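A short write-up of the structure that comes next.
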Amino acid sequence: MTQVSTENPARRILQRFILPADRDLDVMPLYVDVEAAVLDADKLSVGYSKEARNLNKASMRQSTSTGRELSVEDILGRHSLRVVAGERVSLGSYFNAFPASYWRRWTVVKQVRLNVTLQGDDASVVVYKSMANGRSQRVDAGQVQGADAQTFTFDLSLVPFQDGGWYWFDVVAGKVDATLVAATWDAEVPADRLEAGSCTVGITTMNRPDFCAKLIKQISDDPEVSALVDDVVVAEQGTQKVVDDPEFPAAEAALDGRLRVIEQANLGGSGGFARAQYETLKADRSKYVLFLDDDIVMETESILRTITFGDLCRRPSIVGGHMFSLFRKTQLHSFGEVINRWRFWWMSPLTVENDWDFAARNLRSTRWLHRRIDADFNPWFFCLIPTEVVKEIGLGLPLFIKWDDSEYGVRAQAAGFPTISMPGAAVWHVPWTDKNDALDWQAYFHQRNRFVAALLHSPFPRGGRMVRESLNHTAVHLLSMHYSTVELRLKALEDVLAGPHRLHPDLVTKLPEVRALRSDFADAQTKSDPDAFPPVRRAKPRKRAFSHELIGRGAQLTAAAKGAVRQFLPVRPMSREFPEAEIMAQDSFWWTMAAQDSAIYSMPDGTSAAFVKRDPELFKSLSARALQLHKQILQEWPQLSQQYKAALGEITSPQTWATTFGVDHEADA
């Protein structure tokens, strides 16, 4: 350890110590950790017993927090923190620990230097590292002598981080308050990697003018981020315009001619993000295109970090960030996504624990967070894509919503461009679990686009388990009286069978068509007023209440058999007028719904409910159609796959997208 380092023009800052820009104490556990480290049990000590493993998983979820908090007065600025005399704080936190294993695996960086400027007599800085299994080790330390600020530097190797691990430091105040004046992580890099690449920011917006305008203002208000932005391209697809929001003029002025709002038809997220790719290629001055959802709250430092990481990757790579819940801000909702190729379904890696709350259990106490996660794709709520990748593999698919980001990641991966979901870079977003997208009009796009992506990329003959799983899901929706969802899923399969040439023409027309198709079904008639529905009533009272609990595989098979038999029995007459049960969203398991002749069930977002009724004739007709379509798609899979693969280059080309946008590509060129 040396106390003062000289400036080296070949060094580049990789990461800076930061605090919340708005001094929001709700998110402070993501920045500064005042709790002790209580590491959960190692899986090797837990053993192979299923009961022991389940018990350990439950134990991992138990909070270790004591409720200690920093005071807002301790936040001295964006990069400066006061530590009260005698106290110890750790920067082994989500936003301030250094994700060493990711830098080792993907970048040209071999060694990093930590620079800590500390003031306060007798204050100390202590450096730690962790291994992939979460165990930590003390690396080095330094102590302030006297009242003046001192800068300590620590040269740290990345060699020990093959499988995982972080670096971080703690600050311990002496008999007087200490001030963490600043801290940076830097590295010596090749001369051609010193200058930061610039980006075009692409935002797709649809009737969220307030969110979108605030997001643009976040970018424009951060001078270091704004300096790396060539353009902000907003694809305006709604009727409530972002330009009419009170926050918009200030953001527009700050960006000084670099903000472009392009009004176009509602082409969904895929049409908006493809427009950003198209405009980036046309301008031909940005190294990256950065996708941001319009309904996020940004940690703007994440943009600097992902661009720096992308600049230093060994090969052109897609670099994305993570998602925290907008409603519970310390809860991590997405920490990397992979595609299960056999099922062709997106999921978290098997070692990831979903919905992890850093306020309950910190980074230093959580083993799984220290293991490196390798992703197949990064959702486009925050995703940095090199322009070189877009030039080589094309623009996104015209899928409206769903699967455009995951398909692009898999396509890029096949072309040799990996995706890295980078710790320490994140946004706050409405969690997917609080939406109705598996049941409402979006069910069509889930089904169609998943099949399109699988036809393009599944390595298994006839899509592996996918067709069978789709049929199983259709049966579950039928037993649950989700008849509109089934109709949309079947329509999706019919459109998949029609071939790839329909994707672009359908981009504008499919949403109103889907909504019209769904509108006549009872499960689509949602109402927000509880008094809009008749009361629960049955001619014959139940002998026992239905269970709200999860049931095992055997019980599910029994419930499925009983539910299928019930479709051949007449409905109870009173159930046509009165619901037999009122079922909350968290209890609306298919086996619960299948036991009713009618029910009121609420939507996952809590805004409304629907009154559904069992319809045996509709069940039979939809079932017959489902069997026929799944059989057909299974039989025709090889030919369909070839059709979609052959058309991919044309469908994703700037020329084809220009036609959909209604612009003259030749003139643009």
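Quick check, is Gly174 buried (at least 19 other Cβ atoms within 10 Å of the Cβ), in a loop (DSSP other than H, G, I, E, B) and among the small types (Gly, Ala, Ser)? So Gly174 fails the test. With respect to (1) part of a loop (DSSP other than H, G, I, E, B); (2) within 28 Å of Trp432 (Cβ to Cβ), the lone exception for Thr592 is condition (1). Cβ-Cβ contacts under 8 Å between residues 6 or more apart (or on different chains), taken from a first residue in the stretch 596-611 that is under 15 Å from Arg572 (Cα atoms) to a second residue that is among the polar types (S, T, N, Q), are listed as Gln596/Ser575; Asp597/Ser575; Ser598/Ser575.
For the stretch 434-493, the candidate set comprises residues that are among the charged types (D, E, K, R) and over 12 Å from Arg343 (Cα atoms); within that set, the residue that is surrounded by the most Cβ atoms within 10 Å (Cβ to Cβ) is Arg448. Candidates are the residues of the stretch 148-171 that are of a type in the set (A, V, I, L, M) and in contact with a strand residue (DSSP E or B) (Cβ under 8 Å, 6 or more places away or on another chain); the one that is surrounded by the most Cβ atoms within 10 Å (Cβ to Cβ) is Val171. For the stretch 447-460, the criterion of being within 30 Å of Phe327 (Cβ to Cβ), outside any helix (DSSP H, G or I) and either touching a helix residue (DSSP H, G or I) at 6+ places or on another chain (Cβ under 9 Å) or not acidic (Asp, Glu) (or both) is met by no residue. If you go through the stretch 61-76 and keep only what is surrounded by fewer than 17 Cβ atoms within 10 Å (Cβ to Cβ) and either of a type in the set (D, E, K, R) or part of a helix (DSSP H, G or I) (or both), you end up with Arg61, Arg68, Glu69, Val72, Glu73. Going residue by residue through the stretch 596-612, is there one that turns out to be farther than 24 Å from Ala532 by Cβ, buried (at least 19 other Cβ atoms within 10 Å of the Cβ) and in the same structural domain as Glu469 (by TED's automatic domain parsing)? Looking for residues that are farther than 24 Å from Ala532 by Cβ, buried (at least 19 other Cβ atoms within 10 Å of the Cβ) and in the same structural domain as Glu469 (by TED's automatic domain parsing), one finds none in the stretch 596-612, hence no. Can you say whether Leu228 is touching a strand residue (DSSP E or B) at 6+ places or on another chain (Cβ under 7 Å) and without any contact (Cβ under 8 Å) to a residue 60 or more places away in the chain, as far as the supplied structure shows? Considered against the rule, which asks whether it is touching a strand residue (DSSP E or B) at 6+ places or on another chain (Cβ under 7 Å) and without any contact (Cβ under 8 Å) to a residue 60 or more places away in the chain, Leu228 comes out as no. Of all residues in the stretch 336-355, those being of a type in the set (A, V, I, L, M, F, W, C) and crowded, with 21+ Cβ neighbours inside 10 Å number 3.
Restricting the first member to the stretch 386-404 and to residues that are in contact (Cβ under 8 Å) with a residue 12 or more places away in the chain, and the second to residues that are in a loop (DSSP other than H, G, I, E, B) and buried (at least 23 other Cβ atoms within 10 Å of the Cβ), the beta-carbon pairs closer than 6 Å and six or more apart or on different chains are Asp404/Gly396; Asp404/Leu397.
So that you can scan it fast, the table gives a plain yes or no per residue for (1) β-branched (Val, Ile, Thr); (2) part of a loop (DSSP other than H, G, I, E, B); (3) in contact with a Lys or Arg (Cβ under 8 Å, 6 or more places away or on another chain); (4) under 27 Å from Ser421 (Cβ atoms):
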{"residue": "Ile13", "(1), (2), (3), (4)": "yes, no, no, yes"}
{"residue": "Leu39", "(1), (2), (3), (4)": "no, yes, yes, yes"}
{"residue": "Ser45", "(1), (2), (3), (4)": "no, no, no, no"}
{"residue": "Asn56", "(1), (2), (3), (4)": "no, no, yes, yes"}
{"residue": "Arg82", "(1), (2), (3), (4)": "no, no, no, no"}
{"residue": "Ser93", "(1), (2), (3), (4)": "no, yes, no, yes"}
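Being of a type in the set (Phe, Trp, Tyr) and touching a strand residue (DSSP E or B) at 6+ places or on another chain (Cβ under 6 Å) holds for only one residue in Phe578, Phe619, Phe611, Phe589, and it is Phe611.
Output the residues belonging to the stretch 614-624 that are crowded, with 19+ Cβ neighbours inside 10 Å and touching a helix residue (DSSP H, G or I) at 6+ places or on another chain (Cβ under 6 Å). Answer for the stretch 614-624, where residues must be crowded, with 19+ Cβ neighbours inside 10 Å and touching a helix residue (DSSP H, G or I) at 6+ places or on another chain (Cβ under 6 Å): Phe619, Leu622. Number of residues in the stretch 362-375 that are over 22 Å from Ile296 (Cβ atoms) and surrounded by fewer than 24 Cβ atoms within 10 Å (Cβ to Cβ): the value is 7. Of all residues assigned to the stretch 235-242, at least one qualifies as being among the β-branched types (Val, Ile, Thr), touching a Phe, Trp or Tyr at 6+ places or on another chain (Cβ under 7 Å) and in the same structural domain as Ile219 (by TED's automatic domain parsing).
Matching residues to (1) in contact with a Pro (Cβ under 6 Å, 6 or more places away or on another chain); (2) within 19 Å of Met206 (Cα to Cα); (3) outside any loop (DSSP other than H, G, I, E, B); (4) aliphatic (A, V, I, L, M):
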site: Val389; (1), (2), (3), (4): yes, no, yes, yes
site: Glu392; (1), (2), (3), (4): no, no, yes, no
site: Pro398; (1), (2), (3), (4): no, yes, no, no
site: Lys402; (1), (2), (3), (4): no, yes, no, no
site: Gly409; (1), (2), (3), (4): no, no, yes, no
site: Ala412; (1), (2), (3), (4): no, no, yes, yes
site: Phe417; (1), (2), (3), (4): yes, no, no, no
site: Tyr444; (1), (2), (3), (4): no, no, yes, no
site: Leu478; (1), (2), (3), (4): no, no, yes, yes
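Taking the criterion of being at pLDDT below 90 and of a type in the set (S, T, N, Q), the residues of the stretch 61-85 that qualify are Gln62, Ser63, Thr64, Ser65, Thr66. If the condition is being within 29 Å of the chain's Cα centre (by Cα) and of a type outside the set (S, T, N, Q), then the stretch 78-97 contributes Arg78, His79, Leu91, Gly92, Tyr94, Phe95, Ala97.
The values are calculated or read from the model by the stated rules, or taken from the named source; none is laboratory data. What you see is a predicted model; the values in this text were computed from it and never measured. Heads up, the Cβs are rebuilt from the backbone with ideal geometry, glycines too, and the neighbour counts pull from every protein chain shown.
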